[in-house]
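Participant: Sending over a structure as C-alpha cells; questions will come in a sec.
The values are calculated or read from the model by the stated rules, or taken from the named source; none is laboratory data. Predicted model only: the values in this text are computed from it and were never measured. All Cβ positions, even for glycine, are placed from backbone atoms using ideal geometry, and neighbour counts span all protein chains on display. Just the protein is used for accessible areas: all its heavy atoms, side chains included, with ligands, DNA and RNA removed. Shrake-Rupley method; radii C 1.70, N 1.55, O 1.52, S 1.80 Å.
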Amino acid sequence: MSSYKEIVTKAIVGKGKKTSKNSFSIQTEEIPNTVLGCWVINHRFEGVNNNNQVHINGSFDVNVWYSYEGDSKTTVSTKRFNYSEDMSVRSKESSLSNTEIIVRSLKQPTVTDVKIKDGLVELMVEKELGVELLGDSKVKVMTEETLEDWDEIEEEIDEEEIDEVNEEYIKEDNAE
C-alpha cells in the first residue's frame, strides 16, 4: 500500500542574469598624458525586493594609474562608484514578498575601455550579475507503508569461552 506525503523545503523559485556596460569619468589631480593601467576592486552589492522586481544596490572602486607632466611622473587615482539596477526575474511564484534574494557576481566588474578626453579619464565598465530567488516549496512523494520482517540473528556460543568463565567472580568481588 502506498500513500503520499508532502515535504516543505527551500528551493530556487526563480533566477536570472544581467550584463551591463556603464560609462564613468574620473577627475584626476593632475592632467593625465597616458593611462598606464586601470583595475576595479572592492565590489560589493545586495538585492532587495522592489514591487516584484529585484533592486540591486552596489559599489566598486576604480584605480587608474596614469602619467602626467609629459610622461615624466606617474600616480594612481582612486574613486568609488555606486550603482543601482533593477532586474525582472521570472519566478514560479506570483509574489516575491516571501522569497530570499541571492545576488552573485557572475563576471566581476572589468574596465573594457579607457581614454583621456578633456582632461578626464573616461572608462567603460562591464559586469554580469546573477539573481536567484529562494522560496518555500512543497514536494509530494510517494511512500511505501510495508513492514518488512526483521532478520533474526542467532548468537553462536563458543564452548571454549564458556569454559573460561570464572563462576566465582561475583562471590570473590563481594567478599572484599
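Participant: So, how do all the Cα-to-Cα distances of the range 53-157 break down into 10 Å bins, in percent, from 0 on up?
Facilitator: For the range 53-157, the binned pair fractions read 9, 25, 18, 13, 11, 8, 6, 5, 3, 1 percent.
Participant: If you don't mind, there's one more thing I want to ask. Among 62, 139, 35, which one moves the most in a GNM of the chain with springs linking Cα atoms closer than 10 Å?
Facilitator: Most flexible of the set in this elastic network: 139.
Participant: A follow-up question, please. Run through all the Cα pairs of the range 30-90 and give the fraction in each 5 Å bin from 0, expressed as whole percent.
Facilitator: Values per bin, smallest distances first: 4, 17, 18, 13, 11, 11, 8, 7, 6, 3, 1.
Participant: In the chain, carbon and sulfur make up what percent of the accessible area (probe 1.4 Å)?
Facilitator: 45
Participant: In deg cm²/dmol and to the nearest 500, what is the mean residue ellipticity at 222 nm of the chain if only DSSP H runs of at least 4 residues count, each as -39500 (n - 2.57), divided by the residue total?
Facilitator: So the calculated ellipticity at 222 nm is -1500 deg cm²/dmol.
Participant: Residues of the range 51-78 with the amide nitrogen closer than 20 Å to a label point 7 Å from the Cα of residue 100, along Cα-to-Cβ, please.
Facilitator: Answer for the range 51-78: 52-57.
Participant: Something else: For the chain, report the accessible area per residue in Å² (1.4 Å probe, heavy atoms, rounded to an integer).
Facilitator: 74
Participant: From the list [x] 98; [y] 132; [z] 371, can you say which value of volume of the Cα convex hull per residue in Å³ was derived from the structure given?
Facilitator: Step by step, volume of the Cα convex hull per residue in Å³ for this structure corresponds to label [z].
Participant: Here's another thing I want to ask about it. Over 24 Å between C-alpha atoms is what I'm after, so list which of 18/140; 21/115; 92/138; 107/138 land there.
Facilitator: Too far apart for the 24 Å limit: 18/140; 107/138.
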